[in-house]
Amino acid sequence: AQLAKGLTVNAAFGYVDRKYKSFVIRDAATNELVDVAKEARFSYSASTTANAGVQYDTEVANVGKLTARLDWTYRGKISFHPLDRLNPFNRQIADGGAGRFDARVALSNIDLGPTRATVALWGKNITNKDYLYAGIDFGSLGFAGVAYAEPRTYGVDVKFDF
């Protein structure tokens, strides 16, 4: 939506009610095939996601176009394996909901004679939120591990258009 000249916002929300119709495994104790669809979870997949952003664009006289943007993304709780019965640390390594903010400020269309340039300063996960990116359960060995998503990162981009 464009709220005012140069000011736009966007937002989205997603919800998926995920259920397996069947999820058949072989029970190690009985050697029987068992349908465990009621207890199985979708791994690496949140049922709830959301995002929102705001962007402001304005011309800067005799310099170029200034763009400032802030984005927020969210994902709900995720599990890294579908079954607790096969992965005893699955609940301990699951990650709750996580939201993060990213930002970017750019000055574009800078006239450099035969070329135009863009200079941008950006940051990802600017609040330095800790959240998990991956998890693995070595239950039969007695341990599990997780990998954290990237911490706060930032940088400068310079682009030339010839």
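The values are calculated or read from the model by the stated rules, or taken from the named source; none is laboratory data. Predicted model, so just to flag it, every value in this text is computed and none were measured. Cβ: placed from backbone, ideal geometry, glycine included. Neighbour counts: every protein chain shown. Areas reflect the complete protein model, heavy atoms only, side chains present, ligands, DNA and RNA absent. Shrake-Rupley method; radii C 1.70, N 1.55, O 1.52, S 1.80 Å.
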Q. Does segment 21-36 contain at least one residue that is touching a residue at least 12 places away in the same chain (Cβ under 8 Å), of a type in the set (A, V, I, L, M) and under 28 Å from residue 149 (Cα atoms)?
A. no
**Q.** Verdict on residue 61 being under 30 Å from residue 156 (Cα atoms), at pLDDT below 95 and open to solvent by 50 Å² or more (accessible area, probe 1.4 Å)
**A.** yes
Q: Name every residue in segment 123-142 that is open to solvent by 30 Å² or more (accessible area, probe 1.4 Å), closer than 21 Å to residue 75 by Cβ and not acidic (Asp, Glu), in order of residue number.
A: 124, 126, 127, 128, 129, 131, 133, 136
Q | Unmet requirement for residue 69, which otherwise passes all of (1) open to solvent by 60 Å² or more (accessible area, probe 1.4 Å); (2) out of contact with any Lys or Arg (no Cβ under 8 Å at 6 or more places or on another chain) | A | (2)
Q.
Quick test of your reading of the structure: residue 91 fulfils all but one of (1) open to solvent by 40 Å² or more (accessible area, probe 1.4 Å); (2) part of a loop (DSSP other than H, G, I, E, B); (3) closer than 29 Å to residue 141 by Cβ. Name the failing condition by number.
A. (2)
Q | Hits in segment 101-119 - residues which are assigned to a strand (DSSP E or B) and open to solvent by 50 Å² or more (accessible area, probe 1.4 Å) | A | 101, 104, 105, 109, 111, 116, 119
Q.
So in segment 74-114, with the set limited to residues that are under 23 Å from the mean Cα position of the chain (by Cα) and of a type in the set (Ser, Thr, Tyr), which one is nearest to residue 28 (Cα to Cα)?
A. 79
Q) Which one is nearest to residue 101 (Cα to Cα) among residues in segment 11-40 that are among the aliphatic types (A, V, I, L, M), open to solvent by less than 70 Å² (accessible area, probe 1.4 Å) and not in a loop (DSSP other than H, G, I, E, B)? A) 12
Q: Those residues that are open to solvent by less than 70 Å² (accessible area, probe 1.4 Å) and either part of a loop (DSSP other than H, G, I, E, B) or closer than 14 Å to residue 88 by Cα (or both), I need them from segment 147-162; list them, please.
A: 149
